[in-house]
Amino acid sequence: MSDLLDDPTPGQNAPEFSVSEISGEVKRTLEGTFGRIRVKGEVGRVFKARSGHLYYDIKDDRSVLACTTWKGQVSKLAVVPEEGLEVVVTGRLTAFGAQSKYNMNVEEVAVAGQGALMALLEKRKTQLQSEGLFAPERKKPLPYLPQIIGVVTSPSGAVIRDILHRLRDRFPRKVLVWPVAVQGSNCAPEVARAIDGFNSLSPGGALPRPDLIIVARGGGSIEDLWGFNEEAVARAVAASDIPLISAVGHETDTTLIDYVSDLRAPTPTAAAEHAVPVRLELLGWVENQSARMAHATTRAVQLRRQRLGDLARALPKPDTLLESPRQRLDRVSDRLPNALIAGVQKRKLTLSERAASLRPATLRGLVERRRDRLNNLASRLSLRPIEQDARRKRDALDQIANRLDAAQTARIQRQRDRLMATGRQLEILSYKATLSRGYAVVRDGKTLVTDTAGAKGAQALSIEFADGITEIGGASSAETKAPAPSNPATAKPANPKPPKTPGEQGSLF
């Protein structure tokens, strides 16, 4: 400041300052005079920039103080400023010379009194309730005996030990612990991420998905439990597909998570009791049911055996049932011989009467009448329709026979033509046709000779021409004529050998 007062302009009493000089001097004066201060007021307009910086106002009934919390400081705030919330902010006053403004760089935000916190809690509660997050019909039933239980709590507190101890006493189950901060600025985001993380696990995977989630924390003040009143935590609990038990604080403590969860437990120990039944009680109940079933089965068998004995005593004895049929059988047996004799005699008498009524004349007349009737029927029977039908069938048979002969003849002709074509093709492909164009086949016995080395090493050569085979070398030379072709039309005359000129050596080929 003393530098600025040196060398005043002649003729004037006050020194001259540049804009930057005066802005810097004001900034140093503010920061040096006030330093670190605490200001109480109501949060006004709140704006969060894309860069992550937070801009808001602290006001009372007469003045407004502009506040700024930089991006790196926002995550450390215990309470995020909301419009209408009465808070106490802690930070440093500074000036922004580019716009001739001063503001406060806030490092800590605290709610000004428990009444303001309760008002904010009631506001959030009303909002979530209007959205239906507290509706009883959306709450999911808890599994009777979960295989895996996920616990969201601090790994170093007494809460996790109480839960594990109670589960071990009642019914041991597998427990997955997701460590989180249970108070402070990191509490709400970590708890919300833990709930979402358990829901994103795959059932039966390397890290199995739990069947039940317990969110637990010990008791504390409303400020300590405020992380479980955040809207992000309540919405994460509402979106969870896994049934969730909230066990935050003691029985008198109430947070928003208690209203959204599927079941509220007064303490973490009570949450473990709600999660699993007592194993010894289940064993006792099973044994009791087994004993009752055995007793009921024995009692039912005894009652049915007694009923069967009562019914058996009411039935008559077998001998009593057979007495009357036996007497009837004896009486019928006694009457049977006389009845047979009387029946035979009666039939003999009837036969004699019928035989007496049959006379030869009567039989002859009956035969004549039957013969006349047969003749009449034969005269009425005409064979003409039968003959006509037989003639028609004979004509049809002749037509079928003619068609069959024609088809057979055409088939034989096709087979003959196919055979002749195959024979011609065979002749074309045969090496015999090649011989007729001046080529020859040389063999050493049965081995085919294809080069001069093989011809020089052979003792006897057999040369096949189109008209025969000539052998050279060996004990004797012979010439075999080729057989005449079977088809004179396809036969070709043999090329006559030219006469040898006296004094010339004959060619082997």
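Counting neighbouring beta carbons within 10 Å and listing from fewest to most, the residues Lys348, Lys27 come out as Lys348, Lys27. Highest mean packing first, where packing is the average number of other Cβ atoms within 10 Å per residue, the peptides 14-24, 336-346, 139-149 line up as 139-149, 14-24, 336-346. Charge dipole (Cα centre; +1 on Lys/Arg Cβ, -1 on Asp/Glu Cβ; no other charges) of segment 2-113 amounts to roughly 580 debye.
Ser156 to Arg313: FRET efficiency via 1/(1 + (r/R0)^6), r the Cβ-Cβ distance, R0 56 Å, to the nearest 0.05? That pair, Ser156 with Arg313, gives E of 0.10. Pairwise inverse Cα distances across segment 209-292, averaged and inverted, put the Kirkwood hydrodynamic radius at 14.2 Å. Annotation for Glu387 and Leu142: the two label points, set 7 Å from Cα along the Cα-Cβ direction, are 11.0 nm apart.
Counted residue by residue at 0.36 nm each, then reduced by the alpha carbon distance between them, the extension gain from Lys101 to Ala433 reaches 107.7 nm.
One decimal place: the segment Ala406-Val64 gains 110.9 nm when fully extended, by the rule 0.36 nm per residue minus the C-alpha distance. Along its three principal directions, the equivalent ellipsoid of the chain from the Cα gyration tensor extends over semi-axes of 114, 76, 31 Å, largest first. For the peptides 210-223, 390-403, residues were scored by their other Cβ atoms within 10 Å and the scores averaged per peptide; the highest-first order is 210-223, 390-403. Under the simplified labelling scheme, the Phe47-Leu397 pair shows an inter-label distance of 11.7 nm, with each label point 7 Å from Cα along Cα→Cβ.
By the helix-only formula, in which each DSSP H run with n ≥ 4 contributes -39500 (n - 2.57) and the sum is divided by residues, the chain has a 222 nm mean residue ellipticity of -16000 deg cm²/dmol.
By the Kirkwood approach, averaging reciprocal distances over each pair of separate Cα atoms, segment 92-227 gets a hydrodynamic radius of 18.4 Å. For segment 147-277, a/c is not less than 1.5, where a ≥ b ≥ c are the root eigenvalues of the C-alpha gyration tensor, and a/b does not top b/c. That puts it in the oblate class.
With the highest mean first, a sort of the peptides 301-313, 276-288 on other beta-carbon atoms found within 10 angstrom per residue produces 276-288, 301-313. Using the Karplus relation 6.51 cos²θ - 1.76 cosθ + 1.60 with θ = phi - 60°, the per-residue 3J(HN,Hα) values for segment 294-304 come to 5, 5, 5, 5, 4, 4, 5, 5, 5, 5, 5 Hz, with x marking Gly and Pro. Placing a label point 7 Å from the Cα of Arg38 along the Cα-to-Cβ direction, no residue of segment 48-74 has a backbone N closer than 17 Å.
Hey, rough spin-label estimate for Val278 and His250, points 7 angstrom out along Cα→Cβ, what's it come to in nanometres? Each label point lies 7 Å from its Cα, and together they span 2.5 nm.
Rule-based calculations on the coordinates, nothing more; no lab input. None of these values were measured; they are calculated from a predicted model. Every residue, glycine as well, gets a Cβ built from its backbone with ideal geometry; the counts of neighbours run over all protein chains shown.
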